[in-house]
Structure formats: C-alpha cells, structure tokens
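Notes to accompany the following structure.
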Amino acid sequence: MGQITVDRGEYLEQLKTLVNIESGSYDPEGINRVADQLETWYRDLGWHIQRHHLDDRTGDLLEISNRPADHYDVMFVGHMDTVFPDGTVAQRPFSMDEVNAYGPGVGDMKNGDVAMYQVATHLSPEALEKLNICMAYNPDEEIGSIYSKEKLDEIGRKSDFVYVMEGAGPGGEHCFARKGAMRYVLRFHGQAAHAGFMFEEKNASAVLEMAHYIVRLMGLASREEDTTVNVGVAKGGIATNVVADSAEIWVEMRFKKESERERLAGEVDKLLHGEPFVPGVRVEVAHYDDSPAWTKTPEALAHIAHMESLAESLGIPFTQKDRGGLSDANHLSTTGAVCSDGMGPEGGKAHCEEEYCDIDSIQPCVQLLCAVLEELVERKG
Amino acid sequence: MGKDSVVNMFVNREEYLEQLKTLVNIESGSYNAAGINRVADQLEAWYRDLGWHIQRHHLDDRTGDLLEISNRPADHYDVMFVGHMDTVFPDGTVAQRPFSMDEVNAYGPGVGDMKNGDVAMYQVATHLSPEALEKLNICMAYNPDEEIGSIYSKEKLDEIGRKSDYVYVMESASGNGGRHCFARKGMMRYVIRFHGQAAHAGFMFERENASAVLEMGHYIVKLMGLASREEDTTVNVGVAKGGTATNVVADSAEIWVEMRFKKESERERLTKEIDQLLNGEPFVPGVRVEVASHTSMTAWTKTPEALAHIAHMEEIAKKLGLEFEQKDRGGLSDANHLSTTGAICSDGMGPHGALDHSEKEYSIIDTIQPCVQLLCAVLEDLSQSK
C-alpha cells in the first residue's frame, strides 16, 4: 500500500467545475450536466458507464464501475443535486481562500463527488484488478432520493460495503448511524371569497388551516428524544383580498427511535382524521415517504473498528458521531451492505450560504478510502 | 327649470348612450396614462361646449390628469361630483369586447365602473336650471387612478373636498338602480416579512436556527384571530409563502394581510394588536419581523349631518316616485378619504351597474333617467334653500 498524493490544484479545479454547474434538485438539465462531466472523467479512466433514466423530473442516476459486474465489493455513493434554487451559482459561484472552498453544494456534496473520482484515479492496479467497484451518483438525494432510492438499493443489495460520501465533520468525524425520517406534503383545500365578505359569503381559508398545522406539527418536536419537526416550505393564496382556497406545506420529521416514529405518525393521523381547524377546509396528504433510522449492526461495528485502526496507522484522525440528517445510508443500510457515511472531505454549514469545504481534509479523505480498499484487496488475497 | 320642472326632466337616451359608448371605447386602464388622458380630452371638450371652467391637474407621469371642472372658478363648491376615468382592464380589452347593448343593458369595460357615472355627471350639468347654475358653485372632478387606490389623486381630491359642502361619488348604484351607499369599510394592508435563520432540518436542537415559517404560522393564526363577527371586522391573510426545501429550516417567509373594519375604534384595536406583536418578542426566538409595506384607508361612517342629508334625499326621491334605498359596502371608493374632509358624502349615486371588474359587467339603461333626475332635484332643492 503505497503513499498517495492528491494533486490539490487539480482537485480544486474539478471541484470548481462541478460547483459551478447549477444543479438544484428541480433542475434535471443541470443535474445531467453534472452527470455529463463525471461521465467524461470516468470514461477517460476507461471505466464502464451506465446512465439510468429514472424520471423526466430529475437527472440520470450514474452507475459507474471499473468493469461490468453482478456483484460489487464496494459501492461509493455521491449525489449531484443541491438544495439551492436556480441563480445561486450566478450569485455566489465557487470561491476559495487559504483554508476553505465555498459555493453551492461545495460540501453537500460535490466535494464527495470529486473525492470518489480521485479514489478511482489513485487505486493500485491490483486493487482495480481484484475489486469490483461501483461509483454511484444520485440525482435527487436532497429531495429524499424519491426517484433514485429503488435503483440505489438494487445496487446496494449486490454490494458488500457502501461508502456514502457526505462531508465528514471537523477532525475526521464520520457517521455510522442516522435518524429516521418521515416526509409529508400536505395540501389544504379551502373555499375562496372576497376578503371583505368573510362573514357574509361562504369561505374557508386554506392559509389559516395551514398555519394551524404549521404550529401544531412543529410543536411535536421533542428535545429530549432529539425528534425534530420542520415545515420547510409553506405556500398558499393568490391575492391579498381573496380568501385563499389552496395552500401546501412540506414537512419533515426526524427521530432516533421507532417509538418516536409511532408517536409522530399517531399525532399526524389524529390531525388528519379529526375536524379541521377551519370548518370547510379539506386536508389531503399529497405525498408521504419515510426512511428508517439507520443503526449500528455488529458487522458495522467491526468494520468501523477496522477503519479506525487503519486511520491510526496512517496518522489520520478518525472519530464517529451519529447524525440527525438523512442520507442515502438510511435506506442503503436496509440492503444488508455494511454502510459508512460522512466519508467525504470535511465541511460544514450544509444548505446555507456559509457552506464550506476544508481544503486540507481532501488528502486524508482520499488516502483513507484508498487504504481501506487496498486493505480489502489484501484480505481477499 | 324650477323644482317642479325636475319632474318633467328628460334625459335623451340615445345621446346618453352615444356618449357612454364614446367613453367606454376609449381604452383607459389604470396603467394607461395616455388612454386616461384621451377620456379627459373628451370630457373637456363636452364641458367646454357648455361654457364650464376647466382645470387639468398633472399629478404624475404614471397616470392621467385629474379634471377639476366647474360652472365658474370658485374658492368654495356647494357640490362636488366625483367620477373616475380609469378602469381595471388591461390594454386590448376594448378591441376584444367594445361597447355593446341590448334592449335592457349596456356592456363593455368600465361601463358600470364608472363611465356610466362619468356621463351622468355631464348630463346633470346639462340639465340644471339657470337658477341652480347661478346660485350654486358646482365642481365635476374626474379622477385618473381610482382603481389603484387613488394613489396620485387622493391629495388633490381631498383638497377640493375640503372646500366643498356636499360630495356625490358617482360609483354605480346597486339594487334596481335606487340603492345607494353612505358608509364603507376602512381597510389596512400589510406585507409582513419574517427573517429567520436557516439550518439543516436534522439539527434543530444542535445548531442555531430560527424558522421563519413557524413564526409566520403563529402570525397567521394570531392575525386572523383578530377578526370580529360582531363588529364585521375581517382579517384575511391572502398570501403566505416561505422556505425553500423540506430539509432546510426556512430563513424567510412573507404574508400579505388585509383587514377591513367599519369603525375607527376597530382600526385602533387592530393597529394596537399588530404593534404589540411587532414590538414584542417573536414567537420563535431569533426571527426578525419586518413590515415591508403598510397602507391604511379610513372607514367611512354616517355622521348626524349625513343622516339628515340621506333622509332629505330620500324624501325628494319619494316625491319624484323614485326608488331610494341604502346599503353599506365592504369595498372602498373615493368616499372613504373624501369623508375625512368634512364634506357630507354620498356614494353609489351613478346609474345601476353590476359585476364590476369582470367580463360580465353591465349597466341597466332604464336606470339612467332616475339617476340624473334625482341628482338634479337634489341640486335644485339646494339652490332654493339658499
């Protein structure tokens, strides 16, 4: 297992290229432009490319491997979409200073996307010969992998180890357990009327019903259980002087325990099946999905210990911390593969303007992953 | 033409409809200053032929001129009539559906709101007796921007209102043409913005964050709870929007609020409640609440002088065999602000009109005669009481 050195200038140039491609989750063309770029890079390495078209509303899922295979020893998972709306790149494109790189998606997770490619370029010929490696790039992680989940799990089921390349926390902090989540899109159907005649004409404000739901749902959070409830998007109504006849909220709930999931689901059902706060408003669940909480299996604990000792021998910091946020590890952990997450370079402030990626963490990130794979080769003999 | 001859006063129906057609077929949406000025040109020409005194007030390049037309230059008006030349319709509407009529109704953009009132004012001017014209100072004011809240004209109109005794706003009558309006609700509008702090939704107990959407939710519930059925005070949050993604704590949100009330005491109560909300602690620590826009229009209520004048007009109408009813309205007009000038205001004094602001807008032709007749009678009566 030789020493590898990541070319910092080249890496940052690649990161800049990906960050400066606008690719919000609702921008399939942008996501596909990221996919085109990744495809070009891997094609130059001679890897095998599969582009899976999932839905017109999202970009393609990339399944890239060092050879066509029915079974992968290792599956890396990146995602090409960001949470940012169109125009963000124009407003604040990739930039950097001595310490950090900045820009939309720089830490979540275009740095991980590039790190995967760098792992591919730095593996030894032996590792490439003995291991079947899959680099999967998800087009819609930030909206809950709605379209990609099924395909990713299909790949996960034929993989032994999964490394999800979300950014690591400061000090080499990786993640081996994540909260579960439930997501709802709720639609409120009211009845419009001129706002001056609310006591004379029949009307039902969808916006008022929505507001009651926001207050009630976010009140279900529990600090003690670390159960979070967020209404991330709320919108309703068309004009000041018209009683709103429709409104919508996008809700996300996260929990560590199954008992919390049951409590939340029970409370939401009570709300949905009870009388509306505003007589005449009808509430509809327009979308629901959930992800199980990801917890540590004995196999995972053994693998974590193994990676930790490898990191120690390389002088690379290695810590672990469970996370509240969801990633593809939640559903991939149900496929039977041993999952690790937060395996990308270090960063923080994901989903914010201040999002950053710590440049010095790139080298140890790629080095550790290469070492883990080289070691796996040795174990396979 | 004395008091008795009002009974026999006769509006030439064809002439009136021809004039109405002329005005309706001039495109004059509120944002079409040139079109509004073409309406003003036409009115000016008609009144000039009557020998009236014309003042055109340029208010702003974004709107047409305000017309202040009077039977003579004067520092004080006994009577001020108020019309408006703008309509709510976009350019191209006239081409699409110009003035038309059948046996019963006239149709076209602005036919009832309020080009019928504009023509009726002119017809009153042509039918007044020499005595009334001699004894009374009469102002015919034509507003260029009523449909956008008289933003540019309000100040000038109120200036004219302050030197007038009686104001007749020529919005359409309702009912069968005899239903007028002597009180209108007041209104306040707010655009309120909420500035929170974004964070990943999974870390709400670990990282600093403040949900603008949650603050907005509390505001909507609180504000709409300020409505009062007893006082007929309505509060509507017509538009609410915030946040960018499900898994991000929203850092911004916005609501558009409209409140309507009949009494000043209700306006005060609402204002106080909102100020308390705005100046108190936010529901969600860390959220900053900003009033991005606020407008306020006084409620128009009936004073003892107005009640006496209404009773008097009702009596005159009865003598002429004309229907006369009153009904307060929720919508706003120039009467709201003109009522604050001290003048005694009446509204809905134009011919019948209905389904304003829609394609189906119409005006009942048979209501023209009684409208002009009643107004002439009221003025003749006033000139005799002098």
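Bear in mind that the values in this text are calculations on the coordinates, not laboratory data. Fair warning: this is a prediction, and the values are worked out from it, not measured in the lab. Cβ placement follows ideal geometry from the backbone for every residue including glycine, while neighbour counts extend to all protein chains displayed.
Data for the structure
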{"quantity": "Euclidean distance between Cα centres, the stretch B:78-110 to the stretch A:192-249, Å", "calculated": "38 Å"}
{"quantity": "Relative contact order (%) - criterion: Cα under 8 Å, at least six apart; region: the stretch A:180-291", "calculated": "44 percent"}
{"quantity": "Dipole of chain A, positive direction: furthest Cα of A:Thr17, A:Asn330, A:Pro292, with charges on the beta-carbon", "calculated": "A:Pro292"}
{"quantity": "Cα centroid separation - the stretch B:366-386 against the stretch A:22-74, whole Å", "calculated": "81 Å"}
{"quantity": "Within the stretch A:185-302: Cβ-based charge dipole about Cα centre, in debye rounded to nearest 20 (Lys, Arg +1; Asp, Glu -1)", "calculated": "160 debye"}
{"quantity": "Inter-chain shielding of B:229-236 (mean C-beta neighbours from other protein chains, 10 Å cut-off)", "calculated": "5"}
{"quantity": "Principal-axis tilt of helix A:258-273 within chain A, Cα atoms, nearest 10 degrees", "calculated": "30 degrees"}
{"quantity": "Degrees between helix B:33-50 axis and first principal axis of chain B (Cα, 0 to 90, nearest 10)", "calculated": "20 degrees"}
{"quantity": "Order of A:Arg261, B:Arg193 - criterion: other Cβ atoms within 10 Å of each residue's Cβ, fewest first", "calculated": "B:Arg193, A:Arg261"}
{"quantity": "Charge context of A:Gly237, other residues only, Cβ under 12 angstrom, K/R +1, D/E -1", "calculated": "-3"}
{"quantity": "At R0 = 25 Å, FRET efficiency that the Cβ-Cβ distance of B:Arg229 and B:Ser296 yields, to 0.05", "calculated": "0.65"}
{"quantity": "Average beta carbon contacts from partner chains per residue of B:218-226, 10 Å cutoff", "calculated": "4"}
{"quantity": "Cross-link table A:Lys321/B:Lys241; A:Lys151/A:Lys235; B:Lys156/B:Lys263, entries beyond 29 Å C-alpha to C-alpha", "calculated": "A:Lys321/B:Lys241; A:Lys151/A:Lys235"}
{"quantity": "Partner chain coverage, peptide B:247-256 - average Cβ within 10 angstrom", "calculated": "6"}
{"quantity": "Lysines with Cα under 19 Å of B:Lys135, excluding same-chain neighbours fewer than 8 positions away", "calculated": "B:Lys3, B:Lys163, B:Lys386"}
{"quantity": "Sum of side-chain charges, B:Ala306 neighbourhood, beta-carbon under 13 Å (Lys, Arg +1; Asp, Glu -1)", "calculated": "-3"}
{"quantity": "Label point 7 Å beyond Cα of A:Ile238 along Cβ direction - residues of the stretch A:174-218 with amide nitrogen under 19 Å", "calculated": "A:187-198, A:201-210"}
{"quantity": "Most fluctuating residue given options B:Asp118, B:Asp41, B:Asp49, as computed from a GNM of chain B linking Cα atoms under 10 Å", "calculated": "B:Asp49"}
{"quantity": "Helix A:8-19 axis, angle to chain A major axis (alpha carbon atoms, nearest 10°)", "calculated": "30 degrees"}
{"quantity": "Three-way shape label, the stretch A:1-132, alpha-carbon gyration tensor, a/c 1.5", "calculated": "oblate"}
{"quantity": "Computed magnitude of the charge dipole of the protein assembly as shown (debye, nearest 20; Cβ of K, R +1, Cβ of D, E -1)", "calculated": "1480 debye"}
